[in-house]
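Please read the structure below before turning to the comments.
The values are calculated or read from the model by the stated rules, or taken from the named source; none is laboratory data. The structure displayed is predicted, hence computed values, not measured ones. Backbone-built Cβ (ideal geometry, glycine too); neighbour counts: all protein chains shown.
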């Protein structure tokens, strides 16, 4: 995890830790989970206020629909996976296998694309789980990242 303030446009305190935020050309390009206690800050970027407002709305009501300008960069396959994630409703989950079948792919390839999702929460990769449990999150199989996934799924009443 990167902690340098100059790497982020903002660092926002969240109930599950902190979010490092990157904005480029008036679009959200990355959200990264940072440890609890990471100092919060925000630049004067107008999109930061919009993001903060929408995150607060999501925390108050998990059915809130994010409407933020995103700039997602990835292979055509990853973009297809991330688009498919946007179709999973709040409170629902899919397994890696189900999503792979939907995309005519393999669970491993889907899992890799999920781990590479640059804007988790907004593109809800946390809604994809293993057939035998939570599965991984953000390229981690255990630890703080998995606790964030668990927190998000509980918040959305999916588990």
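Condition check: buried (at least 19 other Cβ atoms within 10 Å of the Cβ), under 23 Å from residue 16 (Cα atoms) and over 17 Å from the mean Cα position of the chain (by Cα). Does residue 38 satisfy that?
yes
Looking for something surrounded by 15 or more Cβ atoms within 10 Å (Cβ to Cβ), in a loop (DSSP other than H, G, I, E, B) and either at pLDDT below 95 or in the same structural domain as residue 141 (by TED's automatic domain parsing) (or both) - is there at least one such residue anywhere in region 24-34?
No, that holds for no residue.
Which condition breaks for residue 42 when tested against (1) within 20 Å of residue 138 (Cα to Cα); (2) modelled with pLDDT under 95; (3) touching a strand residue (DSSP E or B) at 6+ places or on another chain (Cβ under 9 Å)?
Answer for residue 42: the failing condition is (1).
Would you mind stating whether residue 108 is within 17 Å of the chain's Cα centre (by Cα) and either over 15 Å from residue 16 (Cα atoms) or surrounded by fewer than 19 Cβ atoms within 10 Å (Cβ to Cβ) (or both)?
Judged against the criteria, residue 108 is not a match.
With the checklist (1) assigned to a loop (DSSP other than H, G, I, E, B); (2) outside the structural domain of residue 144 (by TED's automatic domain parsing); (3) at pLDDT 95 or above; (4) in contact with a strand residue (DSSP E or B) (Cβ under 7 Å, 6 or more places away or on another chain) in hand, flag the one item residue 88 doesn't pass.
Against the list (1) assigned to a loop (DSSP other than H, G, I, E, B); (2) outside the structural domain of residue 144 (by TED's automatic domain parsing); (3) at pLDDT 95 or above; (4) in contact with a strand residue (DSSP E or B) (Cβ under 7 Å, 6 or more places away or on another chain), residue 88 comes up short only on (2).
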